[in-house]
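The values are calculated or read from the model by the stated rules, or taken from the named source; none is laboratory data. Source: prediction; values computed, not measured. Neighbour counts run over all protein chains shown; Cβ positions are idealised from the backbone, glycine included.
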Amino acid sequence: MPAPEWLRIRRSKEGGKSDAALWSKCPDCGDVLYRPELAENAYVCPKCDHHFRMSAYDRISTIVDGDFVEIGNDVLPGDPLEWVDRKTYPNKMQADREKSGLSEAVVCGFGTIANFDVALGVMDFHFRGGTMGTVVGERLALLFEAARQKKVPCIVFTASGGARMEEGMLALMQMAKTTATVTRFVEDGNFFVTVLTDPTTGGVSASFGFQADVIVAESKAMIGFAGRRVIEQTIRQKLPDQFQTAEFLLEKGHIDMVVGRRDLKATLVRLLEYAAGGRRESEKRA
Amino acid sequence: MPAPEWLRIRRSKEGGKSDAALWSKCPDCGDVLYRPELAENAYVCPKCDHHFRMSAYDRISTIVDGDFVEIGNDVLPGDPLEWVDRKTYPNKMQADREKSGLSEAVVCGFGTIANFDVALGVMDFHFRGGTMGTVVGERLALLFEAARQKKVPCIVFTASGGARMEEGMLALMQMAKTTATVTRFVEDGNFFVTVLTDPTTGGVSASFGFQADVIVAESKAMIGFAGRRVIEQTIRQKLPDQFQTAEFLLEKGHIDMVVGRRDLKATLVRLLEYAAGGRRESEKRA
Amino acid sequence: MNVIVEREKGLLELEKRIAELRTANESQPVDMAPEISALEQKYQEILRDVFGSLTPWEKVNMARHPGRPTSLDYIGRLDRFDELHGDRHFRDDHAVVGGFALLHGRPVVVIGQQRGRDTKENLRRNFGMVTPEGYRKVNRLAKLASHLGLPIVTFVDTKGADPGISSEEHAQSEAIARCLYEFTIARVPIVATIVGEGGSGGALALAIADTVIMLEHSVYSVASPEGCAAILWGDSTKAEEAASRLKLTAQDLERFGIVDEVVPEPLGGAHRDSSGSVTRVLAAIDAALGRLKALGPQKLVEERYRKYRRLGVWQTERREPIETSS
Amino acid sequence: MNVIVEREKGLLELEKRIAELRTANESQPVDMAPEISALEQKYQEILRDVFGSLTPWEKVNMARHPGRPTSLDYIGRLDRFDELHGDRHFRDDHAVVGGFALLHGRPVVVIGQQRGRDTKENLRRNFGMVTPEGYRKVNRLAKLASHLGLPIVTFVDTKGADPGISSEEHAQSEAIARCLYEFTIARVPIVATIVGEGGSGGALALAIADTVIMLEHSVYSVASPEGCAAILWGDSTKAEEAASRLKLTAQDLERFGIVDEVVPEPLGGAHRDSSGSVTRVLAAIDAALGRLKALGPQKLVEERYRKYRRLGVWQTERREPIETSS
Ligand SMILES: [Zn+2]
Ligand SMILES: [Zn+2]
C-alpha cells in the first residue's frame, strides 16, 4: 500500500457562507437555531432532541480523540457508464463536491476513540444522498483490509439512499466488494460495529450495514431496505410515521440498540472496552 | 467398545397373539384391516393412506437392505429417582418390555440402505410413549460417536412424547448429551437426517430432532414442542386439526419435506446419494 | 396461592409488632428490652421452624416467590451492563434480557430469563416464558460472545418455554435445539446459575455450561410439577406430589452431578436478604470464571463434552468407560 | 404492455397463415410451394428485422416475457431434483425454489427465484419477489451445500426483493446481507445464471458466484428501470430512458467483468426454443462446474474474493495493485 496521506480533521465549512446560512429551522419543533450553537451541540436540537444530519468530518470530530488519518482519499470517481441525463455524471459530482466539501460520499481512516485504535468509515448524505458507487465501495474495502491487517475494530457510520444509479451494476457490485472485505475482517475474529444514521436504505443496509457484530442506530433514524415511497406506491396507502424508524426496528428485533447522539461516543467506548477485554482474555486462554 | 451383538432383524410379534389382534380398525376411515396385510403395506391403510405407528424393528426392516447390527442394546435402564406412583418405575418398564418386545424406547445400530453404510436410530412410541430417559440418550450418543468414527451418515427416526418424567432431570440432560454427540458428528462434516414420525414433541424435537441437516417428516405426523393439550389448556380453546401436522410445519418452513411412508426409503436413498456425491467431490478438491 | 407467601404473612405481623415495640420503648420510662428480646428469640425460633427445612414443594414456591431476586436484580448489580436487543429477524423478546457486562471488572456476555413481579411486568415479560424469538436472541448473543472471546454468564428463571400458538408456528423446537447446539460448541467459558425456577428444555436452552450454579432453594426440573402431574396422572393439581418425586432440588441435582455448586440462601429465602444473596451469587460466578479462565477453547469444549456425555444412570455389562476422546 | 409480446402478435398472425397455407397446399391440385417459401423468407426477414438487434428496453421486455423459461423450467430439466423447503423458522417462501439435484449426473444444491406465468401462479410466487423468509431459505441451503461439499447452482429471475410491509418488518436488509455474507465464504463452487431479470440487491443475493452466466437477452441491473427512473427523475414512466442508460445488458456486463459468460438465445428470444435454450444453459453451467472442480475450497474462496475485490472503475494516483492476499 502507498503511504497514506495525513490529514488533520477539519470542521466542514457549510453554514459559514452567508448570514441566512447561520440559522437553521428545526424540522420537528420549528425552532430557529443558531448554527454555531447547533454545531456545539453535535447538531442536536436543544429543544426537541431532533438529530440533524451530520457531515462526515463533523461526525469524525465528535467521535475521535484528536488526529484522524484518512485513507483512500486518493480513490476518486470515474464515469464508467458515461452517464448523461439533465446533467452529466461528472457535472453532478462536481456540484456535490462544491456543496459538501467532500471528494465522495464516504470518509475512511484511522484514529483513536478513548485511546482505542479504530478504523472508522463515515458516510455523508450530503454527497449524492450517500449513495454507494465504486469509490464508496473501494474506500470501505481498503478500510476493512487495513483494519484486518492492524487487527483493530472497525466502526462504520452509514447514511445512504442505497446504490448509486449513475454507476449502474458497478455500483451494485460494491455490495459484493464490501461484503468480501467484511467477511475476511470478521471471520478473523475482529470486531465490527455499524452505526445506522438517518437515512440508511437499500444496498448499504442490505450489505455491510446489517453484517456487523453490533448494530447501533441513532435515535429516530429512518432505516429500511425499500424506501418509504416505494412501499407506499406498492401498497397504495400511507405508512404510519413510526414505520422504519430506529425505535420501530428495535422493537422488531433488527438492531441491538438505539442511542442518542450525545451518548454515542460513550456507548462506542464501552463497546470497544468489551471487545478489547474479550481479545485480552482469548489471548490469555489460547 | 465391547463386541457388538449381532442381530437378525425380526418382525415384532405384536398382533400375532390372538384372533382379535389379527384385525385393526383404521382410525381415519374406519376400515377394518387384516394385520398381516397391513404389515405387508408398511402399516399404511390401503384405503385412506393413514400411517399407523410402527414398531422400531418393523421400521428397520422396511428401511435397511438386510442385516442390521444393533449397538447399545446392552445399555439398560436404572431407577435413579427410585420412582413410585401407582407402580414403581421398574414395574412400568417391565410391563412395556413385555408389551413391546423392546428393551427400551430406541433401537440403534448399523446397516446398509441401497448399499450405503448408515448409522440408524429408531425410536418406538410403544415403549413408554417413546420418552427419552438415560438409555435412549446413551444409546443415541453411542450411535453418533460410532457414526463419527466410521464417517457414515446418520439417520434417526423420532417418535416421542418428550422427556421421561420418571428419570427427572437425568432425562432432561439427555437433550444435552445427544446434542453434544450430534455437534461433534455434524461439525466434522458428516450428514445427519431426521425423520420425524407421529408423534414427535418436547425434549426430542427440541434437541436432535431439529438439529439435522435435512429434516424429513412422515405424512400427517404430529410434530411440535408443546403438546396439543398443553396449548389448548393455556389458550383455553380448541386448536384446528391441521395445527402441528407435518403439512402445517412444511408451510411454516420448519421442515425440509413431507414424505409418505411408501416413498420414504427411496427418498432416503436419494439423500444419501447427494451426500456421498458431495463427499466424493470434496475429497477430490481437497 | 404461594405457600411461602402465606406463611410469611404471620411472620410479617410479628416483625411489625417487634418494630413497633422497639420504637415505643425509646420514648418510654419503663424499659421493655428484655421482653422485646424474648419476642425476638421467639421470632427466630418460628423462622427456623417454618423455613429451617423445606419440602420440595415448598422450594418450588420459594423459587416462584414474587420477592425473590430475578435475573435483572443480578444484572443490575453488575459493574456495568449494555443491553443488546433482538433476534435480528422478527422481534425483541422481553422474557430474555442480554448484553455486554462487566462482572467484577471482567467483560462478559450476560443472558437472563426475566419474569415480572406484577401483572403489568408479567405481561411484558410473558411470565418469563421465552418465545422462539427470545431463544434466537440467546443463540445470537452466544455466537457473538464466542466470536469476541467473551465468557457467557446466564441466569435461568422460567417455568418453561412459551407454549403458545405463535411459538409453535415460529418453531419453538428448532429455536431451543439451536441454543443447545450453540452452547455445546461455544469456545468460551459458560457459567449458568439457576436463580429461581428452571423448567424443562426452556431452561436447559440457557444452561449447558462449564459450571452450573444453583441457589439453595431454587428448583430445576424436567417439567414443572404441574406439567409432570398432568402428563403422568392427568391431574395438574397433584403438583405437590410430583414435586416430591422429581428430585428437583439443588441438593438432589448436586448429587447427580448436574449442578456443580450450591449457593446458600439466608433463612427464609434469598428475598429476605436480596442484596446479600446477589452478592454471594455474583461472587460464585466470578470464582467459577476465574477457575475456567486457564482453559483454552479446545480444552473447554472437550471438558464440557465429557461432562454432558457421562450424565445419566444406566446398567450395562460393559466395563470400559464411555469413550469421550475427540 | 410488454413490447416484445406486442410485436409477436403480428408475427404470430403470419406464422398462422403460413401454417394454414401449408395444410391447404397438401390437398390442392395447384402447387403453392414457391409462394409459401417466399412468404417464409419474408417471415424470417421480419424476424431478423424485429429481433435482430434489441434495444436495452426491448431486452428488459424480453427478460420479462411471460413465455420465457423460468427457473423451474431449468430445474425441471435436471436429471433429478429433491426440493427442500423453508427457512426453519417462519415460512416457506414460494418465490424461491431450492433443493438437491443432479445436473448432468453431478450432485449440486440448486436455488432459483421463481415468478409465475399467470395470475394465480404469480400470487403464489409473489411475482418472483423474494421475502426475508425466502432469503433465509437461500442462506440455509447455501450453508447446507457448504457443509456437504456440494456445488451451488443458482437461477436469478426477479424484479427485485419484495418491498412489502411485512418484508420490512422481518428485516429484508439483514436477510439479503446475510446471503451476501454466506455466498462470499461458501467453500464450494458457485455458478449463478441470470435467466430473466436480475433486479438489484434482491438478485445479487443469489449471484455472488465463481462463474456468472447470463442469457443473451437477460438483463441485470442496479435497480429496475422503473425504479431507477422514479429515484432519479421522480417519474417511473421514463423506464425506457433509464434502461438505455443503465448498461444492464449481458454484453455491457461482460465488458465490465461482472458477467463471465453469455449464452446465446435463438432469434426472437429463449422462449422461441425453450428446450434448446435450457439445454444450452445447463451445458454452460456444467462446463463451468467442470472448470471449478479442480480448485480446493481455499483457492476457490480466494479467487472469488479477488474477483469481487477488483470490481469498479475509479481513478487513483496509486500505482500498486489492490492488495488481495489473504
Ligand atoms: Zn427541535
Ligand atoms: Zn384408513
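If the condition is being of a type in the set (Lys, Arg), buried (at least 22 other Cβ atoms within 10 Å of the Cβ) and assigned to a loop (DSSP other than H, G, I, E, B), then region C:112-151 contributes only C:115.
Name every residue in region B:28-37 that is surrounded by fewer than 19 Cβ atoms within 10 Å (Cβ to Cβ) and either in contact (Cβ under 8 Å) with a residue 24 or more places away in the chain or within 14 Å of ligand 2 (Cβ to nearest atom) (or both), in order of residue number.
If we filter region B:28-37 for residues that are surrounded by fewer than 19 Cβ atoms within 10 Å (Cβ to Cβ), which is where we start, we get B:28-32, B:34-37.
B:28, B:29, B:30, B:31, B:32, B:34, B:35, B:37, listed by residue number.
Taken residue by residue, region A:226-246 has no member that is of a type in the set (Gly, Ala, Ser), under 19 Å from residue A:121 (Cα atoms) and out of contact with any helix residue (DSSP H, G or I) (no Cβ under 7 Å at 6 or more places or on another chain).
Looking at region A:53-72, is at least one residue within 15 Å of ligand 1 (Cβ to nearest atom), within 19 Å of residue A:196 (Cβ to Cβ) and more than 14 Å from chain D (Cβ to nearest Cβ)? Working first, answer last.
Of the residues in region A:53-72, the ones within 15 Å of ligand 1 (Cβ to nearest atom) are A:53.
With within 19 Å of residue A:196 (Cβ to Cβ) added as a condition, the list becomes A:53.
Within this subset, residues satisfying the condition of being more than 14 Å from chain D (Cβ to nearest Cβ) are A:53.
Scanning region A:53-72, I find at least one residue that is within 15 Å of ligand 1 (Cβ to nearest atom), within 19 Å of residue A:196 (Cβ to Cβ) and more than 14 Å from chain D (Cβ to nearest Cβ), so the answer is yes.
Conditions tested, residue by residue: (1) surrounded by fewer than 18 Cβ atoms within 10 Å (Cβ to Cβ); (2) within 22 Å of residue A:130 (Cα to Cα).
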| position | (1), (2) |
| --- | --- |
| D:201 | no, yes |
| D:227 | no, yes |
| D:253 | no, no |
| D:262 | no, no |
| D:275 | yes, no |
| D:279 | yes, no |
| D:284 | no, no |
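Listed by first and then second residue, the pairs with beta-carbon distance under 7 Å, at least 6 apart or on different chains, first residue in region C:82-102 and polar (S, T, N, Q), second surrounded by fewer than 22 Cβ atoms within 10 Å (Cβ to Cβ) and part of a loop (DSSP other than H, G, I, E, B), form an empty list.
Of a type in the set (S, T, N, Q), out of contact with any Leu (no Cβ under 7 Å at 6 or more places or on another chain), within 13 Å of chain D (Cβ to nearest Cβ) and crowded, with 17+ Cβ neighbours inside 10 Å - does that describe any residue in region B:267-282?
Let us first name the residues in region B:267-282 that are of a type in the set (S, T, N, Q), namely B:267, B:282.
Filter once more, so that each one left must be out of contact with any Leu (no Cβ under 7 Å at 6 or more places or on another chain): B:267, B:282.
Subsequent filtering for residues that are within 13 Å of chain D (Cβ to nearest Cβ) retains B:267, B:282.
Among the residues that remain, those that are also crowded, with 17+ Cβ neighbours inside 10 Å are: B:267, B:282.
For region B:267-282, residues of a type in the set (S, T, N, Q), out of contact with any Leu (no Cβ under 7 Å at 6 or more places or on another chain), within 13 Å of chain D (Cβ to nearest Cβ) and crowded, with 17+ Cβ neighbours inside 10 Å: present.
If you go through region C:273-314 and keep only what is under 20 Å from the mean Cα position of the chain (by Cα), within 14 Å of another protein chain (Cβ to nearest Cβ) and under 20 Å from residue C:106 (Cα atoms), you end up with C:286, C:289.
I'm trying to understand the selection: among the residues of region C:200-217, which are closer than 13 Å to residue C:175 by Cβ and not in a loop (DSSP other than H, G, I, E, B)? Passing the criteria: C:201, C:202, C:204.
In this structure, is residue C:267 more than 8 Å from every other protein chain (Cβ to nearest Cβ) and in contact with a His (Cβ under 9 Å, 6 or more places away or on another chain)?
Answer is no for this residue.
Is it true that residue A:7 is in contact with a Pro (Cβ under 8 Å, 6 or more places away or on another chain), on the phi < 0 side of the Ramachandran plot, modelled with pLDDT under 95 and not β-branched (Val, Ile, Thr)?
In short, no.
Close contacts from region C:144-159, counting a first residue that is at the interface with chain A (Cβ under 7 Å from one of its Cβ atoms) and a second that is polar (S, T, N, Q), with Cβ to Cβ under 7 Å and a gap of 6+ residues or different chains, come to C:149/A:282. Restricting attention to region B:190-249, the residues that are without any contact (Cβ under 8 Å) to a residue 40 or more places away in the chain, more than 9 Å from every other protein chain (Cβ to nearest Cβ) and farther than 17 Å from residue C:160 by Cβ total 11. Determine, yes or no, whether residue C:33 is farther than 21 Å from residue C:197 by Cβ and either at pLDDT below 95 or within 14 Å of chain A (Cβ to nearest Cβ) (or both). Against the criterion (farther than 21 Å from residue C:197 by Cβ and either at pLDDT below 95 or within 14 Å of chain A (Cβ to nearest Cβ) (or both)), residue C:33 qualifies. Somewhere in region C:227-237, is a residue in contact (Cβ under 8 Å) with a residue 60 or more places away in the chain and either more than 23 Å from residue C:180 (Cα to Cα) or among the hydrophobic types (A, V, I, L, M, F, W, C) (or both)? No, region C:227-237 has no match at all.
Quickly run through region C:49-107 and pick out the residues that are basic (Lys, Arg) and in a strand (DSSP E or B). Full working, then the answer.
Step one: of region C:49-107, the residues basic (Lys, Arg) are C:59, C:64, C:68, C:77, C:80, C:88, C:91, C:106.
C:80, C:106 - these are the residues of region C:49-107 that are basic (Lys, Arg) and in a strand (DSSP E or B).
Take the conditions within 14 Å of chain C (Cβ to nearest Cβ) and either within 16 Å of ligand 1 (Cβ to nearest atom) or at pLDDT below 95 (or both) and apply them to residue B:28. Does it pass? For residue B:28, the condition - within 14 Å of chain C (Cβ to nearest Cβ) and either within 16 Å of ligand 1 (Cβ to nearest atom) or at pLDDT below 95 (or both) - is not met.
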